[in-house]
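Report on the following structure.
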Amino acid sequence: MAAPAPTHDKGEMNEHILIEAITPSVEEGRHPARAIAGRPCVVEADLLAPGQNLVQAVVRWRRKGGRRWQEVPAAPLGNDRWRAQFPLAELGRYEFALEAWLDLYGTWLADLRKRVEVNEPIASEVLEGVALLSSLAEGAKGASGKTLRNAVAALQAWDSAAAEGGRTALAIAEEERLLAAVSEVAPRTGATIPEPVLEVIAERPRALYGAWYELFPRSQGTVPDRHGTFADVERRLPDLHALGFDVIYLAPIHPIGKTARKGRDNALVAGPDDPGSPWAIGSEHGGHMAIEPQLGTLEDFRRLVRAAAALGMEVALDLAVHCSPDHPWVREHPDWFYRRPDGTIKCAENPPYKYQDVYPLNFDVQPWRPIWNAWLEVVLFWLAQGVKIFRVDNPHTKPFAFWNWLIENAQLKHPDAIFLAEAFTRPKIMKALSKVGFSQSYTYFLWRNSKAEFIAYLTELTSPALASYFRPNFFTSTPDVLPTGLQQGGRGAFALRLVLAATLSPSYGIYSGYELCENEAVPGTEEYGDSEKFRIKVRDWQAPGNIRDLIGRVNAIRRENPALQELTNLRFLKTDNEQMLVYAKSDAARSNVLLIAVNLDPHNAQSCHVQVPPDVIADGPVGSYEVQDLLTGASYPWGATNYVRLDPQVQPAHILRVERRSS
């Protein structure tokens, strides 16, 4: 249906209703909110009318670009807050707007009801009702018109002196058929439609929930220093599937330049067998739409994508928006790059670091549109190969308008495309990238360690305002960052950080080698020692001391418990030990309630008393209940206050599921 237009000229400024605090809304509609397809978009707002006036409201919605609006009624929640929801049945962008108006008949009826309840005379009020219904009946046709005219006649014949006369009039006025007829024909008096029209992007569930595994394809072989292939990656897929990973994220797979190639440990001069950094993209074999020949062919890559899909997994690609000195674009479009006064091209720099093997692109060059079009062509090429997820390298160093344009145009053709921002930068810039289109973002989880830090940071991330557009992905480490806590905390630190990442955020990831607790660093830095960025690293995936079993169990728990597949359902619980972090997550119906306790001390056993308010467990009163540790299978009786002790050398965490409750 087409939504009716307001019944007044907005230029007359006769709107009687204030509409405030609309959700979801990002910066009052400047940017789209984010949602998941298949779930309803829940819209709420404060509707404020003067005096005792009642209001009615609807939410108008349509697919973006659609011709016809549809409407769903809004219902009051109390305290002037209203709610409605509309379906997000398909992937893509939707538009919606609230419309509210004065409910003249409802206001009159509410006043009549109050007077009847206290036995006040209502003759004058009934005459007002007759006049109101008569005006509505004018021009009304069909069953609604007949119902309105019958009600007018009944109220006109009403005997104010009769016993129970007031209740008789009220019964006439609130008869269901009459209320339906009034709703059908009543004008939307004083209608208010706030501007601008709001927008929400419906993405697939993987944009919110998933376990990521990052790897270098060239390191997936079994012979030291021998270059791995896509076939080697394919052979690892069953094992990664058994460990419960959903997304296999590949470091860049494109040809690697030779000019200024980095050697082992980031050396400025590469040896004859050094493979270089895969982020130095471009050689005589091609650029961003080509594949490093030692990895295989494009058909080999397509086969890898199909093999992953057969196991229910996806392949994610790295999108690094820069070039090596040997990239074809350097020859074909030398004006796309930054030039020094002597005419040479500038390499990428982040003082004191220099990346001599990488040339950044100059997005300020004129004309700039060819650069934008070239990158859209790259993205569309890989989407055509079956890749639906991109981890974007350093997006904060490129224009926001570029990302907004690129992502929107890519999703117009492939609405299932997902973009993850690798943006370890200032908080507001990280948020801005999500506003302009990124589905997920890296976060500061890597550098949060204390109980107070976790509570403050997760409280921010799960707040409704931020969660309406910003989705975190908690990577435990990256090829660029080996946090100090992992360097110094041993196996216990790797285990506890895994549980934290996997249960605090619905999306999380590990970088290959994490399962082996690799913690060798360049002294005094957060850089991996003998970094895989500059060498081929063959590993024994069953090496002693690994935490593979824990990873597999945690990922299975995530899949089996819907509470861990959401972001904003997090609630921290009080403990009497700053080394013990305890929190709850549950589904909306509280049919799946989890209590997670983590010892933040990787070296020593810690204990605490934890308080669990009854409303964490159920809507009504709760006495004792039984919890089962999903990591070990053990069961415990719990109640309002509970004792917890965790030894990181044995078990750094509990993931407890509430199994049986008693009032």
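Annotations for the structure displayed:
- Annotation note: of 590, 559, 571, the sole residue that is closer than 17 Å to residue 243 by Cα, open to solvent by 20 Å² or more (accessible area, probe 1.4 Å) and of a type in the set (D, E, K, R) is 559.
- All strands (runs of 3 or more DSSP E) inside the range 156-257 with 1 or more residues being of a type in the set (Asp, Glu) and modelled with pLDDT of 95 or more: 198-203, 210-215
- Considered as a group, the residues in the range 652-663 that are at pLDDT below 95 and either in a strand (DSSP E or B) or under 16 Å from residue 607 (Cα atoms) (or both) include one that is least open to solvent (accessible area, probe 1.4 Å), and that residue is 659.
- Qualifying residue in the range 190-210 (condition: open to solvent by less than 50 Å² (accessible area, probe 1.4 Å), under 24 Å from residue 300 (Cα atoms), touching a residue at least 40 places away in the same chain (Cβ under 8 Å) and touching a strand residue (DSSP E or B) at 6+ places or on another chain (Cβ under 8 Å)): no
- Only residues that are farther than 27 Å from residue 45 by Cα and charged (D, E, K, R) were counted across the range 432-476, and they come to 3.
- Here residue 245 passes the criteria (1) within 19 Å of residue 390 (Cα to Cα); (2) more than 33 Å from the chain's Cα centre (by Cα) except the one numbered (2).
- Of all residues in the range 578-609, those being in a loop (DSSP other than H, G, I, E, B) and under 15 Å from residue 503 (Cα atoms) number 3.
- The range 152-181, subset exposed (fewer than 12 other Cβ atoms within 10 Å of the Cβ) and acidic (Asp, Glu), residue farthest from the chain's Cα centre (by Cα): 159
- Matching option when the condition is in contact (Cβ under 8 Å) with a residue 60 or more places away in the chain, in contact with a helix residue (DSSP H, G or I) (Cβ under 6 Å, 6 or more places away or on another chain) and hydrophobic (A, V, I, L, M, F, W, C), among 104, 109, 98, 88: 109
- Entry remark, the range 22-36: residues being over 21 Å from residue 71 (Cβ atoms) and either within 13 Å of the chain's Cα centre (by Cα) or open to solvent by 30 Å² or more (accessible area, probe 1.4 Å) (or both) number 6 in total.
- Taking the range 74-115 as the region of interest, the strands (runs of 3 or more DSSP E) fully inside it that hold 3 or more residues being crowded, with 18+ Cβ neighbours inside 10 Å are 81-87, 92-102.
- Every condition in (1) in a loop (DSSP other than H, G, I, E, B); (2) more than 28 Å from residue 263 (Cβ to Cβ) is met by residue 325 except one, and the failing one is (2).
- In the range 522-545, residue surrounded by the fewest Cβ atoms within 10 Å (Cβ to Cβ) [restricted to those that are of a type in the set (S, T, N, Q) and under 18 Å from residue 219 (Cα atoms)]: 542
- Subset tally (residues that are within 14 Å of residue 644 (Cβ to Cβ), in contact with a Leu (Cβ under 8 Å, 6 or more places away or on another chain) and outside any strand (DSSP E or B)) for the range 551-577: 1
- Restricting the range 640-651 to residues that are assigned to a loop (DSSP other than H, G, I, E, B) and touching a residue at least 60 places away in the same chain (Cβ under 8 Å) leaves a set whose member that is surrounded by the most Cβ atoms within 10 Å (Cβ to Cβ) is 648.
- Within the range 502-519, the set of residues being among the polar types (S, T, N, Q), surrounded by fewer than 24 Cβ atoms within 10 Å (Cβ to Cβ) and out of contact with any Asp or Glu (no Cβ under 9 Å at 6 or more places or on another chain) comprises just one member, 519.
- Residue check for residue 459: within 18 Å of the chain's Cα centre (by Cα) and either crowded, with 23+ Cβ neighbours inside 10 Å or within 30 Å of residue 648 (Cβ to Cβ) (or both): yes
- Residue list for the range 614-639, restricted to those being among the aliphatic types (A, V, I, L, M), under 28 Å from residue 553 (Cα atoms) and either in contact (Cβ under 8 Å) with a residue 24 or more places away in the chain or not in a loop (DSSP other than H, G, I, E, B) (or both): 616, 617, 618, 627, 630, 631
- Qualifying positions in the range 425-456 - open to solvent by 10 Å² or more (accessible area, probe 1.4 Å), in contact (Cβ under 8 Å) with a residue 40 or more places away in the chain and either assigned to a strand (DSSP E or B) or small (Gly, Ala, Ser) (or both): 450, 452
- The residue that is nearest to the chain's Cα centre (by Cα), counting only those in the range 549-605 that are under 27 Å from residue 40 (Cα atoms) and charged (D, E, K, R), is 566.
- Scanning the range 47-59 for any residue that is under 27 Å from the mean Cα position of the chain (by Cα), surrounded by fewer than 17 Cβ atoms within 10 Å (Cβ to Cβ) and part of a strand (DSSP E or B) turns up nothing.
- Sole residue being without any contact (Cβ under 8 Å) to a residue 24 or more places away in the chain, touching a helix residue (DSSP H, G or I) at 6+ places or on another chain (Cβ under 8 Å) and open to solvent by 10 Å² or more (accessible area, probe 1.4 Å), chosen from 232, 265, 274: 232
- Residue check for residue 295: of a type outside the set (Val, Ile, Thr), in contact with a Lys or Arg (Cβ under 8 Å, 6 or more places away or on another chain) and farther than 18 Å from residue 357 by Cα: yes
The values are calculated or read from the model by the stated rules, or taken from the named source; none is laboratory data. What you are looking at is a predicted structure, and each value in this text was computed from that prediction instead of being measured. Every residue, glycine as well, gets a Cβ built from its backbone with ideal geometry; the counts of neighbours run over all protein chains shown. Side chains are part of the model used for accessible areas, which takes the heavy atoms of the whole protein and leaves out ligands, DNA and RNA. Shrake-Rupley method; radii C 1.70, N 1.55, O 1.52, S 1.80 Å.
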